[in-house]
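Remarks on the structure that follows.
The values are calculated or read from the model by the stated rules, or taken from the named source; none is laboratory data. Since the structure is predicted, the reported quantities are computational estimates derived from the model, not experimental observations. With ideal geometry, Cβ positions are generated from the backbone for all residues, glycine too; neighbour counts draw on all protein chains shown. SASA here: full protein model, heavy atoms, side chains in, ligands and nucleic acids out. Shrake-Rupley method; radii C 1.70, N 1.55, O 1.52, S 1.80 Å.
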Amino acid sequence: MTGSRDTIVTINTWKADGRYRERLSALTTGIGALRPGVVALQEAFFCESGDADTAGHLGHALDMETIFSPARGKARTLEGRPCRSFSGMALLSAAPWTEFHEVRLPCDLRDGERLAQVGATRVAGQPVVVANVHLTHLPDATPLRRAQLEALWRLPLFGATRLPIIICGDFNTPSAETLLASVAREAGLDARDTWQAGNGTGDRATTLGGAPLDFIFTLAASPGGHPGFAGSHIALSRPDAHGVLASDHFAVVTRMVGVPAHV
């Protein structure tokens, strides 16, 4: 890939459900067309037999450095066959990852294992910290989602850096902006939704059910400390030329077009 690679993408890839191989092709083509600098994946499927590796396939096809974190291991079905697998997290970057951490998040036995990824890389040549999250899906678990976000601040890379901080992922609540803003405020940080900052327009839904559950946020020490964003939009929300929908979630996309002067 060529170009400035200033685009950030997040998408929940829906494990191996549905027509997996065809969906993987649609994911690869759709994300590749966005020419991303960073991609955050949730529910990235990996089969221990080697028959499937969503993150590895995308990273190779898009020429991006890929970090996969296996999670939620159990037997699942891949194209009608049982497969010992993981529904993991993955961060992909066109530039090298210079630092990386996995964060084990508080969880509920009804929901199972949750983890986040936090890494340092460059987007369009600018150093950034990127977090990839997949918060609990339990509808009555707002306090747990808060605790899961608060766990990120325990990392020096996340809480003490002066670099722009981008938080991507499936927050499993339409109220993610309010929740993150509250958690960030307690840590002395300002949170901003890149959808508004990047002039996003149109339908904000990121799931087939019509709910906005997936977001890209930025954190800064002050309202004036955020990077600039442009071109925010929802992608992969329609079937491809072969009638295949890439996932049951849609991609959230934004472009980072500037950084604060002090960075």
Amide H contacts under 5 Å for residue 190, placed H, 5+ residues apart:
220, 221, 222
Can you list residues whose amide H is under 5 Å from residue 73's amide H, if they're 5+ apart or on another chain and H is modeled 1.01 Å from N?
87
Could you state the principal axis extents of the C-alpha atoms in region 1-98, from the largest down, to the nearest angstrom?
42, 28, 19
For region 27-80, what are the per-bin percents of Cα-Cα distances with bins 5 Å wide, up to the bin holding the maximum?
4, 17, 31, 22, 15, 9, 2
Using a 1.4 Å probe on heavy atoms of the protein chains only, the accessible area for residue 242 in Å², nearest 10, reads 150 Å²
Once amide hydrogens are built 1.01 Å from N within the peptide plane, the residues lying 5 or more places from residue 213 or on another chain with amide H under 5 Å from its amide H are 206, 207
Once phi for every residue in region 218-233 is put through the Karplus expression 6.51 cos²θ - 1.76 cosθ + 1.60 (θ = phi - 60°), the whole-Hz ³J(HN,Hα) values, with Gly and Pro written as x, are 10, 10, 8, 6, 8, x, x, x, 7, x, x, 9, 8, x, 5, 6
Treating the Cα atoms of region 151-263 as identical point scatterers in vacuum, please give the log10 of the normalised Debye intensity I(q)/I(0) at q = 0.11, 0.17 Å⁻¹, two decimals.
-0.39, -0.84
Computed over region 215-263, the distribution of all Cα-Cα distances in 5 Å bins, rounded to whole %, is 5, 17, 21, 16, 12, 10, 8, 6, 4, 1
Dipole of region 183-263, positive direction: furthest Cα of 247, 201, 225, with charges on the beta-carbon:
225
Write down the accessible area per residue of the chain in Å², having rolled a 1.4 Å probe over the full set of protein chains.
41 Å²
With every protein chain in place, region 89-204: carbon and sulfur % of accessible area (1.4 Å):
51 percent
If you build the Cα gyration tensor of the chain and take the root of 5 times each eigenvalue, what three semi-axes come out, in whole angstrom, biggest first?
27, 21, 18
Note, region 40-47: 3J(HN,Hα) by Karplus (6.51, -1.76, 1.60, θ = phi - 60°), whole Hz, Gly/Pro = x, goes 10, 10, 10, 6, 6, 7, 9, 9
Excluding residue 198 itself, calculate the net charge of residues whose Cβ lies under 13 Å from the Cβ of residue 198, where each Lys or Arg counts +1 and each Asp or Glu counts -1.
+1
What would the Debye formula give as log10 I(q)/I(0) at q = 0.15, 0.16, 0.20 Å⁻¹ for the alpha-carbon point model of region 68-192, no solvent?
-0.74, -0.83, -1.18
Tell me, what HN-Hα J-couplings in whole Hz come from the Karplus equation 6.51 cos²θ - 1.76 cosθ + 1.60 at θ = phi - 60° for each residue of region 170-175, using x for Gly and Pro?
9, 8, 6, 7, x, 8
When the chain is treated as a GNM, springs tying every alpha-carbon pair under 10 Å, which of 56, 224, 80 comes out with the largest mean-square fluctuation?
80
